[in-house]
1. Could you run through the stretch 113-138 and say how many residues are touching a strand residue (DSSP E or B) at 6+ places or on another chain (Cβ under 7 Å) and surrounded by fewer than 17 Cβ atoms within 10 Å (Cβ to Cβ)?
2. Looking at the structure I just gave you, is Leu64 within 23 Å of Gln149 (Cβ to Cβ) and aliphatic (A, V, I, L, M)?
3. If you go through the stretch 88-98 one residue at a time, do you hit one that is buried (at least 21 other Cβ atoms within 10 Å of the Cβ), farther than 25 Å from Gln149 by Cα and not polar (S, T, N, Q)?
4. Checking Gly105 against (1) of a type in the set (Gly, Ala, Ser); (2) under 23 Å from Leu33 (Cβ atoms); (3) at pLDDT below 95, only one condition comes out false. Which one?
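The values are calculated or read from the model by the stated rules, or taken from the named source; none is laboratory data. Everything quoted here is computed from the prediction, not taken from an experiment. All Cβ positions, glycine included, derive from the backbone under ideal geometry; neighbour counts span all protein chains shown.
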Amino acid sequence: MKTLQVVLALGLAFTLQTQLRGVLVLGTAPLDLFLIAVVYLALTMGPTVGLLAGMCAGLAQDALSGGMIYGIGGLANTVIGYIVGQAGLQFIVAGALPRFLAFFGSTVIHAVIFMGLYELLGVAHFGFPWGGVLGQGLANAVVGIVVLQALELLPGAAERRKDRGSGFRASRRLD
């Protein structure tokens, strides 16, 4: 069931991201649907699934970019998937604010890794597109929160999550 969920989430992100491919706002894409999918999967299924989903999503993103595949997107998404999955195990991320911070922070950290490695390797120069990155972070956070809330409203979502024993916790018991 986990595998099907991961494939569906990444497949949907791939399909929708290809439709948004040419749209730019302040020099960046308005949404990074691959990153939203990776953060969602990492929060709901833990660091291992987040890491593997990040690797697959990042390599798909690299392939979509055209030209030479350096694997930087794969590395950036892999790191984000693992970090968010670990944070989901350590912190309660059931409220809107922690979720917002997870999606927004992931976008900023992803941009730092992605652009930093490209700059370090001398492959591309980005300048200072931080207005676009912050805008994308805000958009990713809003869409991510809406998606998580919508999926939690599906019948049986809470029971499946509890049975799965994932890193996503709605509350913490102290007994």
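1. So in the stretch 113-138, the residues touching a strand residue (DSSP E or B) at 6+ places or on another chain (Cβ under 7 Å) come out as 129, 132-133, 135-136.
With the extra rule that they be surrounded by fewer than 17 Cβ atoms within 10 Å (Cβ to Cβ), the set shrinks to 129.
Result for the stretch 113-138: 1.
2. Values: within 23 Å of Gln149 (Cβ to Cβ): no; aliphatic (A, V, I, L, M): yes.
Here the answer is no, as Leu64 does not meet what is asked.
3. Just the residues of the stretch 88-98 that are buried (at least 21 other Cβ atoms within 10 Å of the Cβ), to begin with: 88, 93.
Within this subset, residues satisfying the condition of being farther than 25 Å from Gln149 by Cα are none.
Checked against the condition, which is being buried (at least 21 other Cβ atoms within 10 Å of the Cβ), farther than 25 Å from Gln149 by Cα and not polar (S, T, N, Q), the stretch 88-98 yields no hits at all.
4. Gly105 satisfies all of (1) of a type in the set (Gly, Ala, Ser); (2) under 23 Å from Leu33 (Cβ atoms); (3) at pLDDT below 95 except (3).
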